[in-house]
Amino acid sequence: MVTRIPPRTTRQPTRQRIRFRLFLASGAAATAIAAASVIPLSPLLPAAPQAQAAPNILNAPKAPKAPMAPAAADGKKVLTVAVDQSVDSLSPFLAQTLLATSVHRLSYEYLTNYDAKDASTIPGFATKWASSPDKLTWTFTIRDDSKWSDGKQATAEDAAWTFNKMMTDPNAATANGSFTSNFKKVTAPDPTQLVIELKKPQATMTSLDVPIVPKHIWENVDDFSKFNNDKKFPIVGNGPYVIEDFKVDQYIRLKPNKDFWRGAPKFDELVFRYYKDKDAAVAALQKGEVSFVSGLTPAQAAALGNAENIKVNDAPGRRFFALATNPGAKAKDGEKFGNGHKALLDPDVRKALFHAVDRKTIVDKVFQGHAVEGQGYIPPRFDSYFWQPSDTQKIDYDPAKAADLLDKAGYEKNGSGKRVGDDGKPLNFRILCHATDPNDKAVGKYLQEWWGDLGIGLEVECLDNVSDPWLAGNYDLAFDGWSVNPDPDFVLSIHTCGALPATAKDTGATDNFICDKQYDDLYAKQAVEYDVAKRTDLVKQIQSRLYDTGYMNVMVYPNAVEAYRTDQIKSITTMPEAAGNIWGQDGYWSWWSAVPADGTGEASSDSGSSTGTVIGIGAAVVVVAALGLFFMMRRRSTAEDRE
């Protein structure tokens, strides 16, 4: 039974928030929970054929035998992954939530992939690529051993059609249009050759994170703004898994693609199940009903640390957790909208607030050591792009300086100790908070205390759906966060003037309505710079400029805290190889490589460089239990909403 996703429509007067793909989310410890249950299968699937070299697998320690989860009626082995996020769309042209894009990474091939070892570029749908001397023409050789799950050959024509559709239909460019906006012409001279001509050089040509779809299926779609790809199953794809069934806010079910060129996954079903109550998911892990949980809070991680047959994985994250201020929401046509506090248009007021944020306390008390103090926009996990402010530039914890900046900005304390403006009104702000994220709530309480000492009032507005007020510009501050790709272009692009909505009634790719000419100039330079050292320097300059504007301030970089049952999981690929995460990878490595504890053989890997722990599972099923209204737009309901 499939319940159709509501069609996407333009919301009025509130704008619908459409996001490009990115590694979504604030990464706070209470982000999407993933849980997996292993159900015995008989007989076991045959081992996947090796493509090149087998990955380096991190084997789980042997543990005493424990009862397995109850067997499915048909004897299939099922891995159930629990999440606390809705699927915004099953259309890869519209999907932007982490869960949905993760499912699409399992269902469709991209031209290139990221090596699980170090996130370097490796072959995907394309086996090799080359550019012309002027970098304006790129030729990709498309593999001849990839088939669509309906048996038809996947060819360069499918890739050309995918890109051309995004270039000619704005609705098809909703999720990933930033990658094709610079494309001049895309052709497929033959089934194994794809040629992309550019208007100007483009530094992201080897990291085009765009799912390639089958032309013979998608050319029949009329309106890409409303088609959610949720009516006919199984959904034709060429990735390691095939989407077999879906029910809104209940589940998505996938099965192995037996013809996948790297080799089929080992299991019969993969299920991502919705748990609104994270403690319930942890309890299910403890009882052996699920075998993998991610997004653990410090208390949950501590409770599981000494539990029998459970291993906690605490890895450096690729997300940042930040404060974002409303810079004055506006559209490209200049129309302003929303009700953001005008005091925040003053950079001194914004910086005063950030000077009154004690990051060390947030790391120690809220995340209890499972995070690193925030500095630049890109997390230290991406060391080449990681930037730190200079000593004179740094906005550190200094309440006295914060008070001085507020005094100079004209907001002095009255007899009651409240900051007031020239109009005599007290300085009170609102901050949007994700109701399902305990880190938002905890930090919100600290901000009320710290800013209260300055004489500033703060209302913490915790909502199940923060998208509506955010899209409409009806907020003062917000807890914000994204996951960052190995190539940072996308996460930088969402702060450009070009990402603003065309009009107040339209949708934009902007994160926070920032529009700064100096930032845009730097972004444009890095986008066409192929020299690695020069581009890296430009990316750091961009972060410096964003930091100086004071529109957003990164508080911490949360760790990826996960746990799995060692009596159900033999091994699973982590990314990166050293101290990597399992959930939310830049590829399909974890779920594709998973091997159950009862043994089905080693997973194969074309990259030849994945180290991790594989969870034994079968075909993939994503289950999302129905709790509340399914929002067709990308929701900011949890920190994991953005890829």
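The values are calculated or read from the model by the stated rules, or taken from the named source; none is laboratory data. Fair warning: this is a prediction, and the values are worked out from it, not measured in the lab. When we count neighbours, we look across all protein chains shown, and the Cβ atoms used for this are built from the backbone with ideal geometry, even at glycine.
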In the set Asp468, Asp476, which member is under 21 Å from the mean Cα position of the chain (by Cα) and in the same structural domain as Arg381 (by TED's automatic domain parsing)? Asp468
Return the residues of segment 134-145 that are outside any loop (DSSP other than H, G, I, E, B) and either among the acidic types (Asp, Glu) or closer than 17 Å to Gly124 by Cα (or both); say none if nothing qualifies. Trp138, Thr139, Phe140, Thr141, Ile142
As an exercise: evaluate Gly452 against (1) without any contact (Cβ under 8 Å) to a residue 12 or more places away in the chain; (2) under 30 Å from Gly587 (Cα atoms); (3) not charged (D, E, K, R) and give the number of the one condition it does not meet. (2)
Name the residue, out of Ser107, Ser132, Ser120, that is farther than 30 Å from Glu244 by Cβ, of a type in the set (Gly, Ala, Ser) and modelled with pLDDT of 95 or more. Ser132
So if I check each of Lys401, Lys394, which one is over 26 Å from Gly498 (Cα atoms), in a loop (DSSP other than H, G, I, E, B) and modelled with pLDDT of 95 or more? Lys394
Any chance you could count how many residues in segment 346-357 are buried (at least 19 other Cβ atoms within 10 Å of the Cβ) and outside any helix (DSSP H, G or I)? 2
Checking Ala343 against (1) small (Gly, Ala, Ser); (2) outside any loop (DSSP other than H, G, I, E, B); (3) not assigned by TED's automatic domain parsing to the domain that holds Gln368, which single condition isn't satisfied? (3)
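A quick yes/no check of all residues on (1) modelled with pLDDT of 90 or more; (2) not assigned by TED's automatic domain parsing to the domain that holds Asp396:
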site	(1), (2)
Leu538	yes, no
Tyr551	yes, no
Glu577	no, yes
Asn581	yes, yes
Asp606	no, yes
Gly612	no, yes
Leading residue by the ranking (nearest to Ser571 (Cα to Cα)) among those in segment 232-252 that are outside any strand (DSSP E or B) and over 21 Å from the mean Cα position of the chain (by Cα): Asn238
Of all residues in segment 486-511, which are closer than 18 Å to Met552 by Cα, part of a loop (DSSP other than H, G, I, E, B) and out of contact with any His (no Cβ under 7 Å at 6 or more places or on another chain)? Pro488, Ile494, His495, Thr496, Leu500, Ala509, Thr510
Answer yes if at least one residue in segment 253-262 is part of a strand (DSSP E or B) and either among the charged types (D, E, K, R) or out of contact with any Asp or Glu (no Cβ under 9 Å at 6 or more places or on another chain) (or both), and no otherwise. yes
How many residues are hydroxyl-bearing (Ser, Thr, Tyr) and surrounded by 21 or more Cβ atoms within 10 Å (Cβ to Cβ) when one looks only at segment 365-403? 2
Of Arg359, Arg350, Arg419, the only residue that is in contact with a Phe, Trp or Tyr (Cβ under 9 Å, 6 or more places away or on another chain) and not assigned by TED's automatic domain parsing to the domain that holds Gly340 is Arg419
Index of the failed condition, Gln448 passing every other in (1) in a loop (DSSP other than H, G, I, E, B); (2) at pLDDT 95 or above; (3) under 30 Å from Pro469 (Cα atoms); (4) of a type in the set (S, T, N, Q): (1)
Does Ala159 qualify as being farther than 12 Å from Lys185 by Cα and under 26 Å from the mean Cα position of the chain (by Cα)? yes
Give Asp209, Asp279 a once-over and let me know the one that is touching a residue at least 24 places away in the same chain (Cβ under 8 Å) and either more than 30 Å from Lys525 (Cβ to Cβ) or assigned by TED's automatic domain parsing to the domain that holds Ser571 (or both). Asp209
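Table: residues versus (1) hydroxyl-bearing (Ser, Thr, Tyr); (2) without any contact (Cβ under 8 Å) to a residue 24 or more places away in the chain.
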position: Asp476; (1), (2): no, no
position: Thr510; (1), (2): yes, yes
position: Asp531; (1), (2): no, yes
position: Arg535; (1), (2): no, no
position: Ser544; (1), (2): yes, no
position: Val554; (1), (2): no, no
position: Thr566; (1), (2): yes, no
Members of segment 121-150 found to be in contact (Cβ under 8 Å) with a residue 24 or more places away in the chain and either of a type in the set (A, V, I, L, M, F, W, C) or more than 23 Å from Val195 (Cβ to Cβ) (or both), listed by number: Ile122, Phe125, Ala126, Trp129, Leu136, Trp138, Phe140, Ile142, Trp148, Ser149, Asp150
Being part of a helix (DSSP H, G or I), over 22 Å from His434 (Cα atoms), charged (D, E, K, R) and out of contact with any Pro (no Cβ under 9 Å at 6 or more places or on another chain), is that true of even one residue in segment 365-381? no
Identify the residue in segment 521-559 that is out of contact with any Leu (no Cβ under 9 Å at 6 or more places or on another chain) and part of a strand (DSSP E or B) and, among all such residues, is farthest from Ala352 (Cα to Cα). Pro558
Quickly run through segment 230-273 and pick out the residues that are of a type in the set (S, T, N, Q), under 21 Å from Val83 (Cα atoms) and buried (at least 23 other Cβ atoms within 10 Å of the Cβ). none
Can you work out which of the residues in segment 301-334 that are of a type in the set (A, V, I, L, M) and part of a loop (DSSP other than H, G, I, E, B) is surrounded by the fewest Cβ atoms within 10 Å (Cβ to Cβ)? Ala307
Give the residue that is surrounded by the fewest Cβ atoms within 10 Å (Cβ to Cβ), with candidates limited to residues of segment 274-299 that are in contact with a Phe, Trp or Tyr (Cβ under 8 Å, 6 or more places away or on another chain) and polar (S, T, N, Q). Ser294
Verdict on Lys185 being of a type in the set (Lys, Arg) and not in a helix (DSSP H, G or I): yes
Candidate set from segment 278-300 (those that are part of a helix (DSSP H, G or I) and in contact with a Leu (Cβ under 9 Å, 6 or more places away or on another chain)); member that is nearest to Pro558 (Cα to Cα): Lys278
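Listed here are the residues, each with its yes/no results for (1) modelled with pLDDT of 95 or more; (2) under 28 Å from Asp506 (Cβ atoms); (3) of a type in the set (Lys, Arg); (4) more than 21 Å from the chain's Cα centre (by Cα).
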site	(1), (2), (3), (4)
Ser181	no, yes, no, yes
Val195	yes, no, no, yes
Leu198	yes, yes, no, yes
His216	yes, no, no, yes
Residues in segment 146-156: is at least one modelled with pLDDT of 95 or more, assigned by TED's automatic domain parsing to the domain that holds Ala280 and in a helix (DSSP H, G or I)? yes
